[in-house]
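To start, the structure under review is shown below, and the notes come after it.
The values are calculated or read from the model by the stated rules, or taken from the named source; none is laboratory data. This is a predicted model, so every value here is computed, not measured. Here the Cβ positions follow ideal geometry from the backbone for every residue, glycine too, while neighbour counts run over all protein chains shown.
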Amino acid sequence: MAQTASGSPSPSRKSYGHPCLIAQSLDVLGDRWTLLVLRDLMAGLRRYSEILRNCAGMSPNVLADRLRLLEREGLVRRRYERALPPRVDYSLTEKGWAVRPVLLSLVEWGMAYANRFSRQSVGDTVPTDFAVRVIPTFAFRPECARDVRATLVLELDDCEGCSAWTFAIADGRLTPRREAADDADLRLRTTTEGFFRFFRGADPCDCGELRGDEALARAFQSCFSLSPPAPAAHP
């Protein structure tokens, strides 16, 4: 029988029942969709409906179950706001953010050995909205962002039906949001190609229409490591 972080049993869940730390971690993270829900929370989604739309094939009941588990285990925080209609947002706790290196390792493994998507697939088989949120999230390098505090609003001219995205760096952490912040330090209007160029560190003025301090834009860029993946080395 699985147990929650507080040690109380959860009768609806199966457990490996093994002292191995990998097994104990999988008791929390190993269910289908759980890591993808965490991915979406890291990449700026906050609402139940947004996560459900982004995980095609996941049923509403499964998402509700995964969010309850993650909240019970202390990885996710649920915030209820009285409004008409009421609003419920989800965000990661420090324990939830601590899963990021696990997801980053999976990204790196997938780039080397799985069917990785290419720049050309963005906007075709890979939705632009997904790429714009997820690529910066996992290209971000916290160790390079200790002294950087900046907010960037990104707008893509060639993304039909897409709105703006906001990327805020503060205290060594990147927080994406799927709307434009009113008080952003930097604003970049560009294309999908310009998006890739910017996050690969090209001259920010050559990546599109930039508004804001160019030196701050370069400092923002320095917090990311995005380069074409090297060919996989197979035996």
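For the structure I just gave you, tell me whether residue 43 is at pLDDT below 95, surrounded by 14 or more Cβ atoms within 10 Å (Cβ to Cβ) and within 20 Å of residue 130 (Cα to Cα).
Yes; evaluated as a whole, the condition is true for this residue.
Among the residues of region 105-127, which ones are in a helix (DSSP H, G or I) and either at positive phi or at pLDDT 85 or above (or both)?
105, 106, 107, 108, 109, 110, 113
I'd like the full set of residues that are more than 11 Å from residue 187 (Cα to Cα) and surrounded by 14 or more Cβ atoms within 10 Å (Cβ to Cβ), limited to region 205-221.
Of everything in region 205-221, those that are more than 11 Å from residue 187 (Cα to Cα) and surrounded by 14 or more Cβ atoms within 10 Å (Cβ to Cβ) turn out to be 207, 216, 219, 220, 221.
If I filter region 57-66 for residues that are surrounded by 21 or more Cβ atoms within 10 Å (Cβ to Cβ), at pLDDT 95 or above and not in a helix (DSSP H, G or I), do I get at least one hit?
Within region 57-66, none of the residues are surrounded by 21 or more Cβ atoms within 10 Å (Cβ to Cβ), at pLDDT 95 or above and not in a helix (DSSP H, G or I).
Can you confirm whether region 218-227 contains a residue that is in contact with a Gly (Cβ under 7 Å, 6 or more places away or on another chain) and closer than 16 Å to residue 141 by Cα?
Yes, region 218-227 has at least one match.
So residue 70 passes all but one of these: (1) over 30 Å from residue 191 (Cβ atoms); (2) at pLDDT below 90; (3) assigned to a helix (DSSP H, G or I). Which condition number does it fail?
(2)
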